[in-house]
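The values are calculated or read from the model by the stated rules, or taken from the named source; none is laboratory data. Remember, predicted model here, so these are calculated numbers, not experimental data. Because the Cβ atoms are built from the backbone with ideal geometry, glycine has one as well, and the counts that use them run over all protein chains shown.
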Amino acid sequence: MQQQLGSAFADPLTDFSDRAYGQGNVSLGHSAVKVVRGRLSWMTGLLIGPGVLAMLGENDGPSMLSYAASGATYGFGFFVPFILLTFAAAYIVQEMAMRLGAVTGRGYGELVFQRFGRFWGWTSAGDLIVTNLVTLITEVIAIRLGMGFFGIPAWGAAACSIALVTVASWGGRYSRWERLSAGLAIFNLIFVAVAVFARPSAGDIVRSVAEWSPLPKAGAQAFLMMIVSNIGATVTPWMLFFQQSASVDKGLAIRDIRQGRLNTAIGAVLAAIAGCAALVAATPLFVHHVDMAQYLNGAGFAQALRPIIGTPGASLFALGLIEAGAVALLTISASSAYAVAEMTRVVGRSFDTSPADAPLFHATNVGMTLLAGLIVLIPGAPLMAISINANLLATILMPAALVFLLILSNDREIMGDHANRRVCNILGVSIAALVALAGTAYAVVGFLGALGLNLD
């Protein structure tokens, strides 16, 4: 095994730390100017980077709809602290992915391929592509729902989705793609404004976090579906592929691990705030006992909220869905492109390469969104069911990806002194076990319900 790994990692790693800090230009002359620029670049890196993009990208269309459905169905007593817990788990997982990329200089898919062989490499990549396609469909659905609130037809939403990814992919520079994604991602916090329109009780929210209200009295299958959907809204396989490969594409090295951790932590905090805000924004539907089934199969939250919080608040919710879907389109399609390029071992596997130099990478990036957009235009699709089940699929597939991640993060031959410490392993194993348990419990309860056993 040692000989096999030695040959797999024989090519030297490249240190791009100077580029990551923006200090590659030595012609500035004055050292003080260089120090200031270095500090500004370092501070900018805390707010713009793979960690923030992965976390806010995971606050995608189906995730925000899942949070809103939780608030509309159960209020915020149980699910606000639960969402905070899931984002804490997401940070632990994504920190490992970032550290793997910074130390090895290789993406997640490439490491799985080299460490576990072709079968598991192609299996993990195949699972990712299928899951990503389903998820990208839901992102276009979110954009369609948001634009539909303003009277834009479905074909217009699909065309805008495809155009966005195409324009972002055509720049030939990772920094340009990253800044475009980050510029859109910050608007995820628009859900905070929607929550303000909902006029929640601050005291009730604080108490729900401090006391963690008991489980709501609800049907077991429906409640477990919401639990699993919320887990799938924060901890998903595409995030591993994206953050690790994007960290390599950005040029993060060992010296940048601390910055990568802070970037990931900031992303987790911002995404948790936005996710909880989406849930709180929809709680008036719970208070007023609104039946969401009458609104576009349960997905038309903006329309349902308009009579309660007013047109401005509902409009912001619709804009939030558009933003959530747009950022996720960029990041999830990118994770597919990284995975396919790494698995096929092509030379061009970066946004720093033009479409002419990396045709497979850019074709996958744009092609996945194109296919998703065409599928969404099929009439009669159950929008809310597709959105919720996309998160369920991610939860089911996540335990296997976590096992690979833990094994790689503990491999001292490739990680050296940066391998997982004991606390990280305990938390990582616990997260993998809980995700697997949640998915299994939902499957068992669903199976028993299909047999006619009432568990409610």
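For the reader, a short list of remarks on this structure follows.
- In region 417-429, the residues that are over 18 Å from VAL403 (Cβ atoms) form Cβ pairs under 9 Å with partners that are among the small types (Gly, Ala, Ser) and surrounded by 11 or more Cβ atoms within 10 Å (Cβ to Cβ), at six or more places apart or across chains, as follows: HIS418/ALA102; HIS418/SER409.
- Residue list for region 231-249, filter: at pLDDT below 85 and of a type outside the set (A, V, I, L, M, F, W, C): GLY232, THR234, THR236, PRO237, ASP249
- Residue in region 129-148 that is of a type outside the set (Val, Ile, Thr) and more than 30 Å from LEU374 (Cα to Cα) present: no
- Residue match in region 412-426 (condition: of a type in the set (Val, Ile, Thr) and under 19 Å from SER124 (Cβ atoms)): yes
- Of all residues making up region 41-68, the number that are at pLDDT below 85, under 24 Å from ARG144 (Cβ atoms) and among the aliphatic types (A, V, I, L, M): 1
- Residue match in region 170-192 (condition: over 19 Å from the mean Cα position of the chain (by Cα) and under 20 Å from PRO237 (Cβ atoms)): no
- Checked against the criteria, THR283 does not count as under 30 Å from ARG179 (Cα atoms), at pLDDT 85 or above and touching a helix residue (DSSP H, G or I) at 6+ places or on another chain (Cβ under 9 Å).
- Counted residues, region 335-379 - those being part of a loop (DSSP other than H, G, I, E, B) and acidic (Asp, Glu): 2
- Every condition in (1) surrounded by fewer than 22 Cβ atoms within 10 Å (Cβ to Cβ); (2) at pLDDT below 85; (3) of a type outside the set (Lys, Arg); (4) within 20 Å of SER124 (Cα to Cα) holds for ALA339 except the one numbered (1).
Conditions tested, residue by residue: (1) touching a strand residue (DSSP E or B) at 6+ places or on another chain (Cβ under 7 Å); (2) basic (Lys, Arg); (3) crowded, with 21+ Cβ neighbours inside 10 Å.
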{"residue": "ASN132", "(1), (2), (3)": "no, no, yes"}
{"residue": "THR138", "(1), (2), (3)": "no, no, yes"}
{"residue": "ALA157", "(1), (2), (3)": "no, no, yes"}
{"residue": "ALA193", "(1), (2), (3)": "no, no, no"}
{"residue": "ARG199", "(1), (2), (3)": "no, yes, no"}
{"residue": "VAL228", "(1), (2), (3)": "no, no, yes"}
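- Any hit, region 252-261, residues being under 19 Å from the mean Cα position of the chain (by Cα) and surrounded by fewer than 19 Cβ atoms within 10 Å (Cβ to Cβ): yes
- A search for C-beta distances below 7 Å between a residue of region 183-199 that is of a type outside the set (Lys, Arg) and any residue that is not in a helix (DSSP H, G or I), counting only pairs 6+ apart in sequence or on different chains, returns ASN188/ASN59; PHE197/GLY310.
- Every listed requirement among (1) among the β-branched types (Val, Ile, Thr); (2) under 19 Å from the mean Cα position of the chain (by Cα); (3) closer than 15 Å to ALA318 by Cα is met by VAL235 save one, (3).
- Against the numbered list (1) in a helix (DSSP H, G or I); (2) among the aliphatic types (A, V, I, L, M); (3) over 16 Å from the mean Cα position of the chain (by Cα), ILE129 comes up short only at (3).
- Residues within region 147-183 that are in a loop (DSSP other than H, G, I, E, B), touching a helix residue (DSSP H, G or I) at 6+ places or on another chain (Cβ under 7 Å) and at pLDDT below 85, tallied: 1
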